[in-house]
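Peer 1: Let me begin by handing over the structure; questions about it come next.
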Amino acid sequence: MSNLALQVKDDIVAKIKNDQLVLPTLPEIALQVQEIAEDAATTIPQLTKIIAQDPAMTARIIKVTNSPLIRTSSPVTDLNTAISRLGIDFTSNLCVGLAMEQMFQATHDIIDKRMRSCWSRAMEVAATCQVLARHYTRLQPDQALLAGLIHQIGMLPILSYAEDNADLLHDSISLDLVLEKLHPSLGSYILRSWDFQPDLALVPKEYLNLKHTADSADYTDLVQVATLQSYAGSDHPLGKVNRTELGSFQRLGLAADEEVTQLEALSEEMEATQNALGM
């Protein structure tokens, strides 16, 4: 690790320990939805009233409802019906996840490009997680989707830090090193501060741990498999990982000699899911 990378890493770690690092905060719409969804007495009209304040989010939820992801029997044109089809839990997780997109933007072109690239990968991984959860686990597909969308949330404060640090901003190698070293633990730190449930908060910290263990398939397994799949065939180190002995693939029931075929068979569904998440 370069001297600059070490210096930045130590500075960020010190800020975390001293509670001085400025952490990203969830968008207001996500906070409101998260709060009301935690109340078991919440009704669909109540959730509709909150989400309807955000026309863009309303349009995206209706779009998802009309996509192959949900397979509705007839077109949905209003938010109340969309939430009725999706359910309160699915809608709230979808809303919280999609609201994060506005956080992955910056004023500096270099950082903005990195943030948008990060969000694009999050969308790809989330779509794969959602499909894998439906076909290979008993995990909740909406939670799997959210796990994919938040798995690199730890990159945000590092990229924001770089935006205000000229040396790091123009040293892509050092920035990559800092991101690689810090974003997993920082991501889980952020999610705990947002009161995310423990199995989701663990995802950023563990998804790159190829020795991750669990009694049965969990959300970390889904994100790990989806991440490795996203790099398949590339020159990236994660594209060269021997997946045949990974516990994550085994717990999902992806056979070592058939997993490529199994995943390719779901590629159209994964692509449709990713398209449904975008605009």
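The values are calculated or read from the model by the stated rules, or taken from the named source; none is laboratory data. None of the values given here were measured: they were computed from a predicted structure. Counting neighbours? That spans all protein chains shown, and the Cβs are built from the backbone with ideal geometry, glycine included.
Peer 1: Taking only the range 150-199 into account, find how many residues are in contact with a Pro (Cβ under 8 Å, 6 or more places away or on another chain), among the hydrophobic types (A, V, I, L, M, F, W, C), touching a residue at least 60 places away in the same chain (Cβ under 8 Å) and in a helix (DSSP H, G or I).
Peer 2: The number of residues fulfilling the criteria is 3.
Peer 1: Out of all the residues in the range 113-143, which are of a type in the set (Lys, Arg), part of a helix (DSSP H, G or I) and surrounded by fewer than 21 Cβ atoms within 10 Å (Cβ to Cβ)? Don't jump to the end; show me each part of the working.
Peer 2: Filtering the range 113-143 for residues of a type in the set (Lys, Arg) gives 113-114, 116, 121, 134, 138.
Add one more test, that the residue is part of a helix (DSSP H, G or I), and what stays is 113-114, 116, 121, 134.
Scanning the range 113-143 gives Lys113, Arg116, Arg121, Arg134.
Peer 1: Scan the range 91-112 for residues that are surrounded by 15 or more Cβ atoms within 10 Å (Cβ to Cβ) and without any contact (Cβ under 8 Å) to a residue 12 or more places away in the chain and jot them down.
Peer 2: Within the range 91-112, just Asp112 meets the criteria.
Peer 1: So, one more: From the residues in the range 166-196 that are surrounded by fewer than 18 Cβ atoms within 10 Å (Cβ to Cβ) and of a type outside the set (Asp, Glu), which one is nearest to Ala144 (Cα to Cα)? Break it down into steps so the answer makes sense when it comes.
Peer 2: Initial filter on the range 166-196 (surrounded by fewer than 18 Cβ atoms within 10 Å (Cβ to Cβ)): 166-167, 169-170, 172-173, 176, 180, 185, 192-193, 195.
Filter once more, keeping what is of a type outside the set (Asp, Glu): 166, 169-170, 172-173, 185, 192-193.
On the way: Ala166: 37, Leu169: 33, His170: 35, Ser172: 31, Ile173: 32, Ser185: 20, Arg192: 17, Ser193: 20 Å.
Only one residue fits best here, namely Arg192.
Peer 1: Continuing with this model, one more query. Please enumerate the residues belonging to the range 23-52 that are hydrophobic (A, V, I, L, M, F, W, C) and in a helix (DSSP H, G or I).
Peer 2: To start, the set of residues in the range 23-52 that are hydrophobic (A, V, I, L, M, F, W, C) comprises 23, 26, 29-31, 33, 36-37, 40-41, 44, 47, 50-52.
Passing the criteria: Ile29, Ala30, Leu31, Val33, Ile36, Ala37, Ile44, Leu47, Ile50, Ile51.
Peer 1: Moving to a separate point now. If Ser193 passes every condition in (1) out of contact with any helix residue (DSSP H, G or I) (no Cβ under 7 Å at 6 or more places or on another chain); (2) at pLDDT 95 or above; (3) small (Gly, Ala, Ser) but one, which one does it miss?
Peer 2: Every listed condition holds for Ser193 apart from (2).
Peer 1: From the residues in the range 1-21 that are under 17 Å from Leu179 (Cβ atoms) and in a loop (DSSP other than H, G, I, E, B), which one is modelled with the highest pLDDT?
Peer 2: Leu21
Peer 1: If Asp235 passes every condition in (1) modelled with pLDDT of 90 or more; (2) within 30 Å of Thr65 (Cβ to Cβ); (3) surrounded by fewer than 20 Cβ atoms within 10 Å (Cβ to Cβ); (4) not polar (S, T, N, Q) but one, which one does it miss?
Peer 2: (2)
Peer 1: Answer yes or no: is there a residue in the range 217-225 that is over 17 Å from the mean Cα position of the chain (by Cα) and more than 29 Å from Thr107 (Cβ to Cβ).
Peer 2: Quick first cut of the range 217-225, residues over 17 Å from the mean Cα position of the chain (by Cα) only: 217.
Checking the rest, the ones that are also more than 29 Å from Thr107 (Cβ to Cβ) come to 217.
Among the residues of the range 217-225, at least one is over 17 Å from the mean Cα position of the chain (by Cα) and more than 29 Å from Thr107 (Cβ to Cβ), which makes the answer yes.
Peer 1: What number of residues in the range 1-46 are among the basic types (Lys, Arg) and surrounded by 10 or more Cβ atoms within 10 Å (Cβ to Cβ)? Spell out how you get there, then give the answer.
Peer 2: Step one: of the range 1-46, the residues among the basic types (Lys, Arg) are 9, 15, 17.
With surrounded by 10 or more Cβ atoms within 10 Å (Cβ to Cβ) added as a condition, the list becomes 9, 15.
Of the residues in the range 1-46, 2 are among the basic types (Lys, Arg) and surrounded by 10 or more Cβ atoms within 10 Å (Cβ to Cβ).
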